[in-house]
Amino acid sequence: MKLHLSTRKAAPIQRGMIGLFFEDINYAADGGLYAEMIENRSFEFVDCFGTVGDYYTKPDWGYGWRATEDNGQGQMEYVTGSPVNRINPHYLRFTAGEAGQGFWNKAYDGIYLEEGKQYRVSFYARAAAYPEGDLEVSVRKDGRICALATVTCIHAPAGSWQKWHRYEAELTACETVRGGRFTISLTAAGAVEFDLISMMPKDAVAGLFRRDLFELLKGLHPGFLRFPGGCIIEGNTLENRYRWKESVGPVEQRRFNFNRWAVHGTAEENGWHTRYSHYGQTLGLGYYEYFLLCEMIGAKPLPVLNVGLACQYQSYELVEMDDPAFQEFLQDAVDLIEFANGPADSKWGAVRAQMGHPEPFGLTMVGIGNEQWQTDKIDFFARYKAFEETIHAQYPDILLIGSAGPDITSERYRMAWDFYKKEVPAKKNFCYAVDEHYYVKPEWFYEHTDFYDEYPRDVKVFSGEYAAHPVSGMNLPQANTLGGALAEAAFLTGVERNADVVVLASYAPLFARVGYAQWSPDMIWFDETKAYGTPSYYVQKLYGENMGTVTVDMEGQEKQLRSEDVYVNVSLDEEKGELIIKAVNHSAAGKTLELDFGAWKAEGAMRQQILAGQEDDYNCIEKPDKVVLREKESDVSQGLFLEPDSFTVARIPVRA
């Protein structure tokens with residue numbers, strides 16, 4: 001096989017085209033990227049039930065907490081009446097009958113400590129009926145104390161107001177332990193009230209982000225981050241929707257919300273109730289933290305807005321456009337832009353500044369709705385127009401992302417494109433890109449590498465959620481096969497070739513905690529001890545780091561190569577003077593591409609990064625490095641050898 005390398009430039013490639021989509025699914029935020037180790041730290045958890053159009057919750061304020069039993073049991077009561085903050089009104093009143101009694105936290109799968117590592121603990125406490133004594137904070141396992149700190153308790157004189165006080169302690173692990181119990185004990189008899197109990201690794205990035213997950217994100221060099229969803233933007237009900245204003249400011253003032261994915265998979269046979277029924281959002285990872293994360297990993301922020309609709313898959317609820325309540329959604333949109341970009345003396349810019357970031361975040365894009373579509377009952381197109389007019393009246397340069405619905409095959413998809421094709425040419429900046437979603441079998445990706453070849457060039461595309469699904473389901477790390485990743489890589493050769501149409505692209509979902517995943521496959525898996533990238537992670541990494549600045553005309557060669565199960569695209573990095581070849585060999589036999597440089601002159605060795613193995617190979621917690629990248633150099637005169645079932649990226653220094 002021969003590959004002629006043309007000097008004719010084709011489509012310019014937008015810098016930062018390959019990015020990330022963060023959705024709080026699979027315990028991606030609480031229990032994941034947000035480094036908080038305590039579960040139900042503010043005693044606000046609920047138990048979730050229901051099905052489409054009929055969701056409800058039951059109070060379970062004490063979920064995840066238990067009294068210790070080593071020295072008799074104290075009394076656990078979940079009360080309200082004098083809270084730290086009325087937004088989260090419930091708190092624990094613990095009464096110890098004897099010194100040494102206490103309580104412990106489930107902490108997902110238990111506390112994981114690494115020997116010598118330090119952890120920061122904080123909590124609010126009020127010595128309600130505790131005239132003397134202190135508080136002991138520890139992590140215990142099988143009767144052993146693995147980390148311990150004593151906190152001196154503040155006691156007001158008898159007959160005076162016993163106030164809430166915020167306490168801090170630092171724990172140092174004296175051994176590595178898994179499944180430990182975070183415990184607070186009273187050193188004397190009495191009653192103490194507790195709220196907002198937190199434990200964070202001291203090495204959490206910015207005191208917020210779990211370090212190994214943060215480093216995996218940063219290692220992708222993403223161009224943008226779309227957040228925080230996904231379906232949680234809409235909610236199962238409008239009451240359950242994500243309100244960005246409730247996710248900023250001091251953490252004790254952020255209202256707990258149950259997660260839309262807490263009821264995923266409910267059915268009559270399981271009583272409309274699943275193992276994820278307590279999945280919640282503390283909002284400790286809120287909009288300020290998302291913007292901060294974007295800044296720290298070098299990604300442009302792309303927040304998504306609710307348009308007055310609950311999840312169209314899961315609910316019938318909506319706010320009519322002529323209802324005065326609809327104005328709240330429009331106001332939230334312009335206020336969000338002020339929060340991100342406004343001066344520090346503006347209303348919402350001041351909130352950002354008070355949180356520690358007086359400089360603007362530089363927001364340039366927002367998403368109007370998530371996976372919305374037009375129906376007889378839902379006027380999404382009119383809603384989009386209302387948001388466009390409201391936002392651009394104040395912020396004419398903000399780029400807007402539209403929605404083509406949940407698939408790319410149905411009538412709702414075609415209706416969406418008819419709408420944008422009509423409106424985009426008629427009004428400047430009406431829609432920057434249309435968000436398309438597709439979760440499909442690997443075969444579809446191979447068969448549709450030409451998917452964008454005939455798209456109109458005046459309306460751009462955001463491939464906002466895509467993934468190959470060899471299999472689908474809950475808690476299936478084995479779904480992230482090399483075969484699925486290679487199909488994604490092949491499809492992306494067509495996406496890159498059409499970079500004048502597709503301006504943004506992101507795989508989904510991003511994170512999954514082992515044993516807590518409602519959706520598979522996912523890009524990054526983790527448990528409490530470690531995290532790893534899947535083969536799909538490495539495909540995204542290779543694209544994110546090797547996009548070039550302009551594509552090179554393939555002159556139709558991709559069609560012939562495709563007939564031989566080889567999928568190729570070529571781009572040029574004009575800044576570095578390098579040709580970049582991306583090639584997938586979807587074959588059990590190795591193949592060599594003979595390189596015809598034509599008017600190019602190669603000026604050095606060819607550097608290659610290779611992802612290869614058996615199609616069914618996958619990474620897992622036990623074998624996180626079964627499928628990883630390899631690097632090598634070779635002489636260009638030998639051609640580019642493509643290993644069986646592989647994705648290869650080759651960079652060649654050239655001059656014309």
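Computed values, structure above
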{"quantity": "Test: residue in the range 416-429 that is free of Cβ contacts under 8 Å to residues at least 12 places away in the same chain and aliphatic (A, V, I, L, M)", "calculated": "yes"}
{"quantity": "Options Thr390, Thr375; residue that is open to solvent by 10 Å² or more (accessible area, probe 1.4 Å), farther than 18 Å from Val502 by Cα, of a type in the set (Ser, Thr, Tyr) and part of a loop (DSSP other than H, G, I, E, B)", "calculated": "Thr375"}
{"quantity": "Scope the range 100-141; condition open to solvent by 10 Å² or more (accessible area, probe 1.4 Å), closer than 21 Å to Leu196 by Cβ and hydroxyl-bearing (Ser, Thr, Tyr); matching residues", "calculated": "Tyr108, Ser122, Tyr124"}
{"quantity": "Hits in the range 149-184 (condition: under 16 Å from Met37 (Cα atoms) and among the aliphatic types (A, V, I, L, M))", "calculated": "Ala169, Leu171, Ala173, Val177, Ile184"}
{"quantity": "Failed criterion for Ile368 (all others in (1) in contact with a strand residue (DSSP E or B) (Cβ under 6 Å, 6 or more places away or on another chain); (2) open to solvent by 30 Å² or more (accessible area, probe 1.4 Å); (3) among the β-branched types (Val, Ile, Thr) hold)", "calculated": "(2)"}
{"quantity": "Matching residues in the range 610-656 - criterion: being in contact (Cβ under 8 Å) with a residue 60 or more places away in the chain, out of contact with any Phe, Trp or Tyr (no Cβ under 9 Å at 6 or more places or on another chain) and not hydrophobic (A, V, I, L, M, F, W, C)", "calculated": "Gly613, Gln614, Glu615, Asp616, Asp617, Tyr618, Asp645, Ser646, Arg651, Pro653"}
{"quantity": "Qualifying residue in the range 86-93 (condition: under 30 Å from Gly590 (Cα atoms), of a type in the set (Ser, Thr, Tyr) and in contact (Cβ under 8 Å) with a residue 24 or more places away in the chain)", "calculated": "no"}
{"quantity": "Residue check for Ala517: touching a residue at least 60 places away in the same chain (Cβ under 8 Å), closer than 19 Å to His448 by Cβ and surrounded by 22 or more Cβ atoms within 10 Å (Cβ to Cβ)", "calculated": "no"}
{"quantity": "In the range 63-82, the residues that are surrounded by fewer than 17 Cβ atoms within 10 Å (Cβ to Cβ), touching a residue at least 24 places away in the same chain (Cβ under 8 Å) and assigned to a loop (DSSP other than H, G, I, E, B)", "calculated": "Asn71, Gln73, Ser82"}
{"quantity": "Residues of the range 204-237 classified as outside any helix (DSSP H, G or I), within 26 Å of His278 (Cβ to Cβ) and open to solvent by less than 20 Å² (accessible area, probe 1.4 Å), total", "calculated": "9"}
{"quantity": "Test: residue in the range 42-60 that is touching a helix residue (DSSP H, G or I) at 6+ places or on another chain (Cβ under 9 Å), open to solvent by 10 Å² or more (accessible area, probe 1.4 Å) and part of a loop (DSSP other than H, G, I, E, B)", "calculated": "yes"}
{"quantity": "Meets criteria (open to solvent by less than 10 Å² (accessible area, probe 1.4 Å) and among the hydrophobic types (A, V, I, L, M, F, W, C)) for Phe22", "calculated": "yes"}
{"quantity": "Filter result for Val501 (of a type in the set (A, V, I, L, M), within 25 Å of Glu615 (Cα to Cα) and surrounded by fewer than 24 Cβ atoms within 10 Å (Cβ to Cβ))", "calculated": "no"}
{"quantity": "Enumeration of residues in the range 142-183 that are more than 34 Å from the chain's Cα centre (by Cα), among the β-branched types (Val, Ile, Thr) and open to solvent by 50 Å² or more (accessible area, probe 1.4 Å)", "calculated": "Ile145, Thr150, Thr152, Ile154"}
{"quantity": "Pairs where the first residue, in the range 584-597, is under 11 Å from Glu615 (Cα atoms) and the second is in a loop (DSSP other than H, G, I, E, B) and open to solvent by 40 Å² or more (accessible area, probe 1.4 Å), C-beta under 8 Å, 6+ apart", "calculated": "His586/Asp565; Ser587/Glu564; Ser587/Asp565; Ser587/Pro644; Ala588/Pro644"}
{"quantity": "Where Leu92 falls short, out of the listed (1) open to solvent by 10 Å² or more (accessible area, probe 1.4 Å); (2) touching a strand residue (DSSP E or B) at 6+ places or on another chain (Cβ under 7 Å); (3) among the aliphatic types (A, V, I, L, M)", "calculated": "(1)"}
{"quantity": "Among (1) small (Gly, Ala, Ser); (2) free of Cβ contacts under 8 Å to residues at least 60 places away in the same chain; (3) out of contact with any strand residue (DSSP E or B) (no Cβ under 7 Å at 6 or more places or on another chain), the one test that Gly402 misses", "calculated": "(3)"}
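The values are calculated or read from the model by the stated rules, or taken from the named source; none is laboratory data. Note that this is a predicted model, so its numbers are computed, not measured. All Cβ positions, even for glycine, are placed from backbone atoms using ideal geometry, and neighbour counts span all protein chains on display. Ligands, DNA and RNA are stripped out before the accessible areas are found, and what is left, the full protein with its side chains, is counted by its heavy atoms. Shrake-Rupley method; radii C 1.70, N 1.55, O 1.52, S 1.80 Å.
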